[in-house]
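First up is the structure itself, then whatever we jot down about it.
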Amino acid sequence: MGKTFVEKIFAKYAGLKEVIPGQIVTVKPDHLLTHDNTSAIIQKIKSDLEQYGIYSKSLPIIALDHVIPASSEKIAANHKAVRDFVNKYKIENFFDIGMGVCHQLVVEKGLALPGKLILGSDSHTCSYGAIGAFSSGIDRTEAASLLLTGETWLKVPNSIKITFNKKLKSGVYAKDVVLHIIGDISASGADYCSVEHHGNLDQFSIDDRFVIANMGVEMGAKNSVFFVDDITKKYLDSMSIYSTSYDAIYPDKNASYIKDLEYDLSEIVPVVACPHTVDNVKPVSDVAGLEIQQCLIGTCTNGRFSDLKIASDILKGKKINKNVRL
């Protein structure tokens, strides 16, 4: 029987010939991402850190990006504690306030690469599947243990195959695609599964793939992955990261999936997730004219230059309603 992406990468990192869904394996990830929550994580293991130190100064990736500038004395103190930790243990990959959003930084700094395994104490760590990495969120206790030992255990997920057919209409974007899927299968439709994307993918830029992979957790997925193709290679080449620097992993053609889903992209329309759940998805036309008071452009899902350009093109020449905060 052929193997899925996650079965291959887990076997590689567990040092095993093969693994099967449901199996518990011990792995040593390439990196551990933490952000402002680093202060809470290191507090859990304060005495252990004093006694043993950290496993590796290259393992952590730390970014201060969630509450910046500090909104209170407590948060300012937490930021200082993180900086003190970074300096004391000579953490190699630290991004202070103003450097960017953590998930963008991990990809743009070349810290996530195809075929790598990265864990993070943030649910949207699954974003790095956009370039063919396995990446997933873990809780703070697991993150604390990883800092000390460099290893953790994971259960091998079942896999879901999503195939995209045809092309998106003008004015329909990657966020519409992933919300359409979540609305279809529900917020728990991919619980603890590895979601693979196949089919007509040439129309999706790396930014588009980032959006879809980032939202994998919103359908319950453990990870969400696009496989290395010419678009991936061109993106990595632009950062002087060439194919000799990574080992891309692909599923076998006869791999086994618990779900095999297909979507006709030409039928997808602009949609929005309505309160109070991410799978309460409706066509934008259904809520057109609804009064709003506040709007945010950005987030780790749609915070790249291409997203801001689309927003600026839409807003050009228009005025913000006096009753709306943008």
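The values are calculated or read from the model by the stated rules, or taken from the named source; none is laboratory data. Predicted model only: the values in this text are computed from it and were never measured. A quick note on method: Cβ atoms are made from the backbone with ideal geometry, for glycine too, and the neighbour counts reach across all protein chains shown.
Some observations on this one:
- Filter result (surrounded by 13 or more Cβ atoms within 10 Å (Cβ to Cβ) and either assigned to a helix (DSSP H, G or I) or aliphatic (A, V, I, L, M) (or both)) within the range 62-75: Ile62, Ala63, Leu64, Val67, Ile68, Ala70, Ile75
- Note on the range 84-201: enclosed strands (runs of 3 or more DSSP E) holding 3 or more residues that are over 30 Å from Ser47 (Cα atoms) are 158-165, 193-199.
- Qualifying residue in the range 135-148 (condition: in the same structural domain as Val107 (by TED's automatic domain parsing) and under 24 Å from Ser243 (Cα atoms)): yes
- In the range 161-176, residue surrounded by the most Cβ atoms within 10 Å (Cβ to Cβ) [restricted to those that are among the hydrophobic types (A, V, I, L, M, F, W, C) and out of contact with any Leu (no Cβ under 7 Å at 6 or more places or on another chain)]: Ala174
- Within the range 17-31, considering residues that are charged (D, E, K, R) and surrounded by fewer than 16 Cβ atoms within 10 Å (Cβ to Cβ), the one farthest from the chain's Cα centre (by Cα): Lys17
- Across the range 250-269, a minimum of one residue is classified as farther than 30 Å from Thr4 by Cβ, in the same structural domain as Ser188 (by TED's automatic domain parsing), part of a loop (DSSP other than H, G, I, E, B) and not hydroxyl-bearing (Ser, Thr, Tyr).
- For the range 202-223, a tally of residues being part of a helix (DSSP H, G or I) and closer than 21 Å to Lys234 by Cβ returns 9.
- Qualifying residue in the range 152-175 (condition: under 17 Å from Ile61 (Cβ atoms), out of contact with any Phe, Trp or Tyr (no Cβ under 7 Å at 6 or more places or on another chain) and not aliphatic (A, V, I, L, M)): yes
So that you can scan it fast, the table gives a plain yes or no per residue for (1) surrounded by 13 or more Cβ atoms within 10 Å (Cβ to Cβ); (2) out of contact with any strand residue (DSSP E or B) (no Cβ under 6 Å at 6 or more places or on another chain); (3) over 24 Å from Phe226 (Cα atoms):
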{"position": "Ala11", "(1), (2), (3)": "yes, yes, no"}
{"position": "Gly15", "(1), (2), (3)": "no, yes, no"}
{"position": "Leu33", "(1), (2), (3)": "yes, no, no"}
{"position": "Ser39", "(1), (2), (3)": "yes, yes, yes"}
{"position": "Ser56", "(1), (2), (3)": "yes, yes, yes"}
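- Some residue of the range 235-243 being buried (at least 17 other Cβ atoms within 10 Å of the Cβ) and closer than 24 Å to Ile9 by Cβ: yes
- Restricting attention to the range 16-37, the residues being out of contact with any Ser or Thr (no Cβ under 8 Å at 6 or more places or on another chain) and either over 19 Å from Leu59 (Cα atoms) or among the β-branched types (Val, Ile, Thr) (or both) number 9.
- The set of residues in the range 125-143 that are buried (at least 24 other Cβ atoms within 10 Å of the Cβ) and at negative phi comprises Thr125, Cys126, Ser127, Tyr128, Gly129, Ala130, Ile131, Ala133, Phe134, Ser135, Ser136, Ala143.
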